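Structure first, then comments.
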Amino acid sequence: MGMARIAYVNGQYVPHRNAAVHVEDRGYQFGDGVYEVFAVMGGKLIGEQGHLDRLAHSLSELRIKWPLSRAALMVAVKEIVRRNHVRNGLVYLQVTRGVAPRDHPFPVHSKSALVITARKSAPMDKDALRTGVDVITIPDIRWQRCDIKSVALLPNVLGKQQARDANAFEAWQVDDEGYVTEGTSTNAWIVTTDGNLVTRNASTSILNGVTRLSVLEAATEAGIDIMERPFTPEEALAAREAFITSSTSHVKAVTRIDGQSIGNGHVGELTNRVLDAYVEYMETHGGPRTTDTWN
Ligand code: PLP
């Protein structure tokens, strides 16, 4: 039934069910690798430049070599989209430091490993996005370089499972000073009682989302007042609206935090405006235009 999914593994296009990397790959041994997730909407790759620039940042901070040139890498990404007939869905790209006998220091000789996969999903459903989700708050137990999109995601995995166990969609992580950093796979936003859109400023404490950047630009263009600063869970609980952003979730309303309703408990008016502005922005620009600042 249907056609077989195809994955890209180190220069080869292989059936997804046979796609494998070596047991001594440092991604497997140490979590020594980085990744990107691109959304595909209506056959178009979203935020291509943003994801590539962030990948460049992650790779250079970890001193992992590019497995291919940027151009060749994008050819492979587009080929995987094409071969899997993805019109709406996700592309997952992972680069590791490659295969070497297990030893902590960087190997003297290594060849970066590259895996690219794609998956179809239902087209963006604005109505579904306008259904609010629950978030919980949890301590942020991650490291001090959350600006690097590392494949080492244990705290994020544990946090997301904690959310699931509490019948919530996402967990907002709270730093030692009592401020929300971000979700486990999304950026966090609130609308204050003054009608200001607030999201944490980019730093080494968060992953600067490509969707976050697009939403900042789209909201600015739509004339919405924005403040990039940290906020506390208490401020979020008292907020008028809240939402999350990511390549997978787009702009998704949050209507409850730690079991308490936000605002009137319904999806906020500004959240709806931001979603509309984001969709229009994607249709016009395909992604953020400022993509050279990653912490
Ligand atoms: N924050 C974290 C920790 C993430 O893992 C992600 C995406 O996976 C995001 C934020 C959102 O980033 P983007 O909008 O680029 O998908």
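See the values below:
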{"read-out": "Where GluC sites (Glu not before Pro) fall in DSSP loop in the range 135-226, at most 14 other Cβ within 10 Å", "value": "E177"}
{"read-out": "Relative compactness, the range 127-229, computed as alpha-carbon Rg over 2.2 N^0.38 Å", "value": "1.09"}
{"read-out": "Gyration tensor over alpha-carbon atoms, the range 60-129, equivalent ellipsoid semi-axes in Å", "value": "32, 14, 10"}
{"read-out": "Euclidean distance of C-alpha centroids, the range 264-285 and the range 6-79, integer Å", "value": "30 Å"}
{"read-out": "Of all accessible heavy-atom area on the range 160-295, the percent that carbon and sulfur account for (1.4 Å)", "value": "42 percent"}
{"read-out": "Convex hull volume per residue in cubic angstrom - Cα atoms of the range 179-267", "value": "91 Å³"}
{"read-out": "Cα-only Debye scattering, the range 158-210: base-10 log of I(q)/I(0) at q = 0.18, 0.25, 0.30 Å⁻¹", "value": "-0.66, -1.04, -1.17"}
{"read-out": "Longest to shortest principal axis, alpha-carbon extents of the chain, angstrom", "value": "55, 40, 37"}
{"read-out": "Label point 7 Å beyond Cα of H22 along Cβ direction - residues of the range 112-150 with amide nitrogen under 20 Å", "value": "112-116"}
{"read-out": "Principal axes of the range 98-176: Cα extent on each, largest first, Å", "value": "51, 37, 22"}
{"read-out": "Under 5 Å, built H, 5+ apart or other chain: amide partners of T232", "value": "V180"}
{"read-out": "Charge dipole (the chain, unit charges on Cβ, about Cα centre) - positive-most of V198, S246, P107", "value": "P107"}
{"read-out": "Probe 1.4 Å, protein heavy atoms only - accessible area per residue of the chain in square angstrom", "value": "47 Å²"}
{"read-out": "The range 22-99: GluC sites (Glu not before Pro) in DSSP loop, at most 14 other beta carbons within 10 Å", "value": "E24"}
{"read-out": "Alpha-carbon spread of the range 33-87, three principal axes, descending order, Å", "value": "34, 17, 17"}
{"read-out": "Taking the chain and dividing mean pair separation by its residue count, relative contact order in percent (alpha carbons under 8 Å, at least six apart)", "value": "19 percent"}
{"read-out": "Residue-span extension gain [I141 to R70] - 0.36 nm each, minus C-alpha spacing", "value": "22.3 nm"}
{"read-out": "Förster radius 41 Å - calculated FRET efficiency between D276 and E177, Cβ distance, rounded to 0.05", "value": "0.75"}
{"read-out": "Accessible surface of the range 1-138, 1.4 Å probe, proportion on carbon and sulfur as whole %", "value": "55 percent"}
{"read-out": "Degrees, to the nearest 10: 269-285 long Cα axis against longest axis of the chain", "value": "40 degrees"}
{"read-out": "Cα centre as origin, Lys/Arg/Asp/Glu Cβ charges: the range 139-295 dipole, Debye", "value": "440 debye"}
{"read-out": "Approximate spin-label separation Q162-S121, in nm, with each point projected 7 Å along Cα-to-Cβ", "value": "2.4 nm"}
{"read-out": "Length-normalised contact order for the range 159-295 - Cα pairs under 8 Å, 6+ apart - percent", "value": "24 percent"}
{"read-out": "Once the Cα gyration tensor of the range 1-72 is diagonalised, semi-axes √(5λ) in Å", "value": "23, 21, 10"}
{"read-out": "Rounded, prolate or oblate (a/c below 1.5 giving rounded, otherwise prolate when a/b exceeds b/c) for the range 139-295 by Cα gyration tensor", "value": "oblate"}
{"read-out": "The range 95-149-the range 160-206 distance, computed between alpha-carbon centres (Å)", "value": "17 Å"}
{"read-out": "Nitroxide proxy distance, nm - points 7 Å out along Cα→Cβ at A4 and I226", "value": "4.5 nm"}
{"read-out": "Potential lengthening between N201 and R83 on full extension [0.36 nm per residue; Cα-Cα distance subtracted]", "value": "38.7 nm"}
{"read-out": "Cα gyration tensor shape of the range 52-183, rounded if a/c is under 1.5, else prolate or oblate by comparing a/b with b/c", "value": "oblate"}
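The values are calculated or read from the model by the stated rules, or taken from the named source; none is laboratory data. Since this is a predicted model, take the numbers as computed values, not measurements. Heads up, the Cβs are rebuilt from the backbone with ideal geometry, glycines too, and the neighbour counts pull from every protein chain shown. Note: accessible area is taken over every heavy atom of the protein model, side chains too, but ligands, DNA and RNA are not part of it. Shrake-Rupley method; radii C 1.70, N 1.55, O 1.52, S 1.80 Å.
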